[in-house]
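What follows is a single structure, written as structure tokens, with notes after it.
The values are calculated or read from the model by the stated rules, or taken from the named source; none is laboratory data. The structure presented is a predicted model; accordingly, all values stated were derived computationally and were not measured. Neighbour counts are summed over all protein chains in view; Cβ atoms, including those assigned to glycine, are modelled from backbone coordinates with ideal geometry.
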Amino acid sequence: MINRLAVFRQGYWWPLAVGERVTLTQGDVLRVSISVPFRGPKETFTLYGAIGTRHTGPLRFDFDEILVARAALECPESPDKFTTVEGSVDIEIIAAGMLGLGGISPGVNYDLMVKIEEKPEVYAEIDDIIDITGAAAPDMTGMMGMMVMLMMLGMVMPMATEGME
């Protein structure tokens, strides 16, 4: 099902062989291209891609999705014979913010999964293929960042106004 991978980074891109290990950083985009056989009436499906980790064990066998993306997959009318349909989904690499929330943390051996949401049996996965580099940048745009700035202002203002009376 997965037939091509490509990385887009700040104005340039390069293709990868399927199964080739890739190192990504914040701002990169991993394009996952697929091809699937289709037969039936014209239909639009949702192609779903995720970077995460596969957990296996005696009581657990699931995929923890960390970064996800969706794209439309247009399938033409093909009532009599199977037609190969190609599509792609772009997964943007977003670094984890303050306290490791909201994105992906630096690490190795992340897994890649792609599926068609409406047909969960159409599914492919490549394990231990993605490494994420770079430190998670603190997110100063949210409530925590605002609180830090106010606390700093509260410490500076008494010093700046001292002796003004």
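Collect the residues in region 3-24 that are among the β-branched types (Val, Ile, Thr) and either in contact with a Gly (Cβ under 7 Å, 6 or more places away or on another chain) or under 19 Å from residue 133 (Cα atoms) (or both), keeping them in residue-number order.
7, 22, 23
Taking the stated definitions as given, is residue 30 more than 13 Å from residue 116 (Cβ to Cβ) and either under 17 Å from the mean Cα position of the chain (by Cα) or not in a strand (DSSP E or B) (or both)?
In short, yes.
Give the residue, chosen from 130, 126, 91, that is part of a strand (DSSP E or B) and at pLDDT below 95.
126
Kindly list the number of the only condition in (1) farther than 22 Å from residue 121 by Cα; (2) of a type in the set (Gly, Ala, Ser); (3) out of contact with any Ser or Thr (no Cβ under 6 Å at 6 or more places or on another chain) that fails for residue 96.
Checking residue 96 against (1) farther than 22 Å from residue 121 by Cα; (2) of a type in the set (Gly, Ala, Ser); (3) out of contact with any Ser or Thr (no Cβ under 6 Å at 6 or more places or on another chain), the one that fails is (3).
Would you please name the residue that is surrounded by the fewest Cβ atoms within 10 Å (Cβ to Cβ), looking only at residues in region 34-48 that are under 14 Å from residue 115 (Cβ atoms), of a type outside the set (Phe, Trp, Tyr) and in contact with a Lys or Arg (Cβ under 8 Å, 6 or more places away or on another chain)?
In this case the residue turns out to be 46.
Across region 43-78, which residue is farthest from residue 131 (Cα to Cα) among those that are aromatic (Phe, Trp, Tyr) and in contact (Cβ under 8 Å) with a residue 40 or more places away in the chain? Talk me through it step by step, then tell me what you get.
Going residue by residue through region 43-78, those that are aromatic (Phe, Trp, Tyr) are 45, 48, 61, 63.
Narrowing further to those that are in contact (Cβ under 8 Å) with a residue 40 or more places away in the chain: 45, 48, 63.
Details: 45: 29, 48: 20, 63: 17 Å.
Filtering region 43-78 for residues that are aromatic (Phe, Trp, Tyr) and in contact (Cβ under 8 Å) with a residue 40 or more places away in the chain, the one farthest from residue 131 (Cα to Cα) comes out as 45.
Would you confirm, using the coordinates I've provided, whether residue 40 is among the small types (Gly, Ala, Ser) and touching a residue at least 60 places away in the same chain (Cβ under 8 Å)?
So residue 40 does not fit the description; no.
Residue 84 - would you say it is loosely packed, with under 14 Cβ neighbours inside 10 Å and outside any loop (DSSP other than H, G, I, E, B)?
Here the answer is yes, as residue 84 does meet what is asked.
For residues that are among the hydrophobic types (A, V, I, L, M, F, W, C) and touching a Leu at 6+ places or on another chain (Cβ under 8 Å), scanning just region 18-33, find the one that is surrounded by the most Cβ atoms within 10 Å (Cβ to Cβ).
So the residue we want is 32.
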